[in-house]
Amino acid sequence: FASPLINGSIGGVFSSDLNSLINFQDSITGEIDLINSYDTTYNIYYEVFGCRDTFSIDLYSNDFSYSSSSFCEGGGDPIPTISGNLGGLFSSDLPLSINSSSGEINLLNALDTSYVIYYDILSCRDSFSLDILSSNFNYDSTYYCIYDNNPVANINGTVNGVFSSNSAIDIDSNTGTINIQNSLDSSFFIYYQIGSCVDSTSVQLI
């Protein structure tokens with residue numbers, strides 16, 4: 001809430017040129033409910049016994065959001081929707097390639113971790129938490145002999161995803177370990193998915 005300082009006589013009435021957009025808690029105290037008032041410029045009037053004084057204030061909103069709370073590393077660069085005032089600056093709590101004016105995030109050069117994005121306009125700050133996920137993985141080789149040890153996937157991106165295959169192959173969905181003895185000798189595509197991010201690699205059993 002914003003409260004006025006009355007330097008003159010008390011007992012007057014507060015109003016505004018945009019009464020439909022501003023929420024006075026009380027027209028006698030002049031206290032403004034900032035959360036429920038629209039962000040714009042107002043003329044505030046204080047009238048007591050026919051005498052009127054005017055004070056101009058600006059209400060700023062730093063509301064913004066992204067279309068999702070998680071994005072894939074290397075995907076299309078997300079741009080935020082600014083619901084509040086334009087002209088603020090974007091930043092992040094961790095090193096991230098982000099356009100300070102538009103808030104566009106460069107996902108190609110981002111690390112897979114959690115970030116907090118900030119939007120500052122004057123002394124007003126809003127924040128948005130998001131995760132950048134990577135489904136990057138591989139195996140030590142592109143082929144294995146039928147009597148080799150069971151190969152385990154190397155997760156180079158975000159952990160706790162799910163492994164699968166397009167063929168009848170015995171694969172552990174959590175670790176990506178391939179049971180060679182229970183799989184046919186053929187070429188397989190192995191997929192690793194976390195969130196909406198999917199990476200794939202080809203493995204041949206000989």
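The values are calculated or read from the model by the stated rules, or taken from the named source; none is laboratory data. In this text, all values refer to a predicted model and were calculated from it rather than measured experimentally. No Cβ is skipped: glycine too gets one built from the backbone with ideal geometry, and neighbour counts run over all protein chains shown. Side chains included, ligands, DNA and RNA excluded: accessible areas come from the protein's heavy atoms. Shrake-Rupley method; radii C 1.70, N 1.55, O 1.52, S 1.80 Å.
Within the stretch 75-82, identify whether any single residue is aliphatic (A, V, I, L, M), under 18 Å from residue 126 (Cβ atoms) and either in contact with a Leu (Cβ under 8 Å, 6 or more places away or on another chain) or open to solvent by 40 Å² or more (accessible area, probe 1.4 Å) (or both), and answer yes or no. Checking the stretch 75-82: at least one residue is aliphatic (A, V, I, L, M), under 18 Å from residue 126 (Cβ atoms) and either in contact with a Leu (Cβ under 8 Å, 6 or more places away or on another chain) or open to solvent by 40 Å² or more (accessible area, probe 1.4 Å) (or both). The single condition among (1) at pLDDT below 90; (2) hydroxyl-bearing (Ser, Thr, Tyr); (3) touching a Lys or Arg at 6+ places or on another chain (Cβ under 7 Å) that residue 183 does not satisfy is (3).
One residue is enough: does the stretch 95-116 have a residue meeting the conditions touching a Gly at 6+ places or on another chain (Cβ under 7 Å), open to solvent by less than 30 Å² (accessible area, probe 1.4 Å) and outside any loop (DSSP other than H, G, I, E, B)? Checked the stretch 95-116: no residue is touching a Gly at 6+ places or on another chain (Cβ under 7 Å), open to solvent by less than 30 Å² (accessible area, probe 1.4 Å) and outside any loop (DSSP other than H, G, I, E, B).
Annotation: of all residues in the stretch 136-187 being open to solvent by less than 40 Å² (accessible area, probe 1.4 Å) and not in a loop (DSSP other than H, G, I, E, B), the one that is nearest to residue 109 (Cα to Cα) is 137. Candidates are the residues of the stretch 39-54 that are more than 19 Å from residue 3 (Cβ to Cβ) and out of contact with any Phe, Trp or Tyr (no Cβ under 9 Å at 6 or more places or on another chain); the one that is least open to solvent (accessible area, probe 1.4 Å) is 40. Across the stretch 1-18, the qualifying residues are those that are in a strand (DSSP E or B) and not aliphatic (A, V, I, L, M), and the one among them that is farthest from residue 49 (Cα to Cα) is 16. When the stretch 117-130 is limited to residues that are open to solvent by 70 Å² or more (accessible area, probe 1.4 Å) and assigned to a strand (DSSP E or B), the one that is nearest to residue 61 (Cα to Cα) turns out to be 125.
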